[in-house]
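Student: I am attaching a structure below and will ask some questions about it afterwards.
Derivation of every value follows stated rules applied to the coordinates shown; laboratory data play no part. These figures come from a predicted structure and were not determined experimentally. Note that each Cβ is placed from the backbone with ideal geometry, even for glycine, and that neighbours are counted across all protein chains shown.
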Amino acid sequence: MNAQKLSKRLEKVASFVPQNAIVADIGSDHAYLPCYLVLNNLVTSAIAGEVVKGPYESACHEVQKEGLQEKITVRLADGLQAIEQDDHVTAITIAGMGGPLIASILEKDVDRLISVKRLILQPNIHAVAIREWAVRRNWKIIEEEIVKEDDKIYEILVLEKGEESLSEQQLLLGPVLMQQQNAVFKEKWNREIQQWQHVLTALEKAEQTDDIIKKTQELQQRIEMVKEVL
Ligand code: SAM
């Protein structure tokens, strides 16, 4: 992967960034995504935010190598603190982290989202944490995608401002993905069910304390909930 050729996962994230957006990529190790967006004239300008020094330096190096310093600002900052009101950021991408971490980054500086019209989020795991955050903070899921790359399955969530209430099933599986039910979606949830069933087998062998019984019931309910949809 490089700034010219993104991974399938990041290419999909890029495809949801609106034309001429001012985009901030948070957790921008190497800054491949903002470089790609600017090199292809897809956005007006970009900010690459990184909290760790090593990846921040890699991002600075990549932006310089591509000669994009005029269009991309790289900032060493925690989460949304990489963006200022004067940046007038209209879209944010956060990719390659767990869902709970992405949700906590958004929640921590929620006031910095005022000018932002679209969030494009790619959790590696536990997308449910982002959907719960979205409902709580009045962001609506307008699109979802699921892609498989190198045997790993990734969900991509696209949010815009708006109210929405989601059922427990929709929070876990994704309202759009649930409707589409493509082959990758089925593979992901069949894999999950298999893993949960392994856990259930282990729980059956354990001493049946109140905690173990509760956990077993929760898992059985979750498996049934997912099976209903597949
Ligand atoms: N976004 C790239 C991608 O999808 O390929 C890089 C993903 S990498 C696994 C996650 C990056 O997010 C790391 O470079 C990490 O340092 C950065 N990160 C984690 N927490 C962060 C935070 N609170 N603020 C900014 N960057 C963060």
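Student: With charges set only on the Cβ (+1 for Lys and Arg, -1 for Asp and Glu), what does the dipole of the chain come to about its Cα centre, in debye to the nearest 20?
Tutor: Details: 27 positive and 36 negative charges, 74 e Å.
The calculation lands at about 360 debye.
Student: Roughly what would the spin-label model give for residue 76 and residue 160, points 7 Å off Cα along C-beta, in nm?
Tutor: Here the answer is 3.8 nm between the modelled labels.
Student: Give me the lysines in straight-line cross-link reach of residue 205: C-alpha distance below 27 Å, same-chain residues under 8 apart excluded.
Tutor: Cross-link targets: 188, 214, 215, 227.
Student: Apply the a/c threshold of 1.5 to the C-alpha gyration tensor of the stretch 10-124 and tell me whether it is rounded, prolate or oblate.
Tutor: Working: a/c = 1.36, a/b = 1.19, b/c = 1.14.
Here the stretch 10-124 falls in the rounded category.
Student: Could you give me the ³J(HN,Hα) list for the stretch 209-221, computed from phi with Karplus coefficients 6.51, -1.76, 1.60 and θ = phi - 60°, whole Hz, x at Gly and Pro?
Tutor: 6, 4, 4, 5, 5, 5, 4, 4, 5, 4, 5, 4, 5
Student: Tell me which residues come under 5 Å, amide H to amide H, from residue 124 once H is placed; ignore anything under 5 positions away on its chain.
Tutor: Here the answer is 96, 97, 98, 99, since their amide H atoms fall under 5 Å of that of residue 124.
Student: Identify the trypsin sites (Lys or Arg not before Pro) of the stretch 93-172 meeting these criteria: DSSP loop state and at most 15 other C-beta atoms within 10 Å of the C-beta.
Tutor: Working: sites: 108, 112, 117, 118, 131, 136, 137, 140, 148, 152, 161; in loops: 117, 137.
Hits after loop and neighbour filter: 117, 137.
Student: Could you rank the peptides 22-33, 165-176, 44-55 by their average count of other C-beta atoms within 10 Å per residue, with the highest value first? The partial results should precede the final answer.
Tutor: Values: 22-33: 24.7, 165-176: 16.9, 44-55: 19.4.
So the peptides 22-33, 165-176, 44-55, ranked by packing, come out 22-33, 44-55, 165-176.
Student: Dividing the alpha-carbon radius of gyration of the stretch 186-229 by 2.2 N^0.38 Å (N being the number of residues), what value is obtained?
Tutor: Values: Rg = 11.0 Å, N = 44, 2.2 N^0.38 = 9.3 Å.
Compared with the compact-globule rule of thumb, the stretch 186-229 sits at 1.19.
Student: Right, another one. Give me the base-10 log of I(q)/I(0) for the chain at each q in 0.10, 0.16, 0.18 Å⁻¹, Debye formula, one uniform scatterer per Cα, rounded to two decimals.
Tutor: After summing over all Cα pairs, the log10 values are -0.50, -1.08, -1.27.
Student: What GluC sites (Glu not before Pro) does the stretch 57-104 have in DSSP loop regions with at most 10 other beta carbons within 10 Å? Each step should come with its number before you reach the end.
Tutor: On the way: sites: 57, 62, 66, 70, 84; in loops: 66, 70, 84.
Taking the stretch 57-104 and a limit of 10 other Cβ atoms within 10 Å, the loop GluC sites (Glu not before Pro) found are 70.
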